[in-house]
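Read the structure below first, then the notes.
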Amino acid sequence: MKRMKYALAPLALIGALACGGAEQSEMAMTKPSAETEKAAEIKTAEPTAAAKVEKVVKTDAEWRAQLSPLAYQVLRKSATERAFSGEYWNHKEDGEYLCGACGAVLFDSSDKYDSRTGWPSYTKPTADKSIDKAIDPMAPWPGTFEVKCARCDSHLGHVFPDGPEPLGTRYCINSAALKFSPRAEESASEEAGEE
């Protein structure tokens, strides 16, 4: 019986992680791992100041008419595009990434990095108030949260506790949820100002 008890312990841990239940996985482990500690830091982070953001509210029909079919499925129905298929997963231009639904500034190219996952990944949002995080019951492991635009409540992707230091977060975002705005070159704007 002892042999069977120890053989089932790893399976209980894997099952808890697959279900995304932080409470379940903590019961299955005796000592919290570094990932669990990062997850706790993300979970207890200051809530975003969505109340200070002017909300964009539209009917489902209005969103459907405005967005492409893929963008509608991702932004309004929380779908996920296929890895390595989106426009921005390997995009390297200098500028800002905006919400594909309402145009709010979400991420900066200086915070973008290659996570080798096939989706655009960022270490942080441009401003904490630009995104909202919500617990995702379907998340693959503790510390994973759904990321939404704070202005229009559109689904963007997820934030994971496995990003590069010093923040340790990976904002994994669907390309279909974004629009890119290139940064104007300083020299071009200076020349235009001189004339």
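The values are calculated or read from the model by the stated rules, or taken from the named source; none is laboratory data. Worth saying up front: this structure is predicted, and the values here are computed from it rather than measured. With ideal geometry, Cβ positions are generated from the backbone for all residues, glycine too; neighbour counts draw on all protein chains shown. The protein model used for the area step is the full one, side chains on, heavy atoms only, and it has no ligands, DNA or RNA in it. Shrake-Rupley method; radii C 1.70, N 1.55, O 1.52, S 1.80 Å.
Computed from phi, the 3J(HN,Hα) profile of the stretch 118-130 under the Karplus parametrisation 6.51, -1.76, 1.60 (θ = phi - 60°) reads x, 10, x, 10, 9, 7, 6, x, 4, 9, 4, 6, 7 Hz, with x in place of Gly and Pro. Using a probe of 1.4 Å, the accessible surface attributed to residue 110 totals some 90 Å² when neighbouring protein chains are kept in position. The candidates 56, 159, arranged from most to least accessible area with a 1.4 Å probe in the full protein assembly, appear as 56, 159. Overall, the stretch 84-190 carries a charge dipole of about 320 debye about its Cα centre when +1 sits on the Cβ of Lys and Arg and -1 on the Cβ of Asp and Glu, all other atoms neutral. Sparsely packed loop sites in the stretch 141-189 (the trypsin sites (Lys or Arg not before Pro) outside DSSP H, G, I, E and B with at most 15 other Cβ atoms within 10 Å) comprise 183. Working note: Karplus 6.51/-1.76/1.60 with θ = phi - 60° gives the stretch 91-106 the couplings 6, 10, 5, 8, x, 10, 9, 9, 5, x, 9, 10, x, 5, 6, 10 Hz, where Gly and Pro are set to x.
Find the centroid of the Cα atoms in the stretch 53-108 and in the stretch 113-182, then give the distance between the two in whole Å. Using only Cα atoms, the two centres lie 12 Å from each other. On the stretch 57-195, 51 percent of the accessible area sits on carbon and sulfur atoms, based on a 1.4 Å probe. Accessible surface comparison of 107, 180, 84, probe 1.4 Å, protein chains only, largest first: the order is 84, 180, 107.
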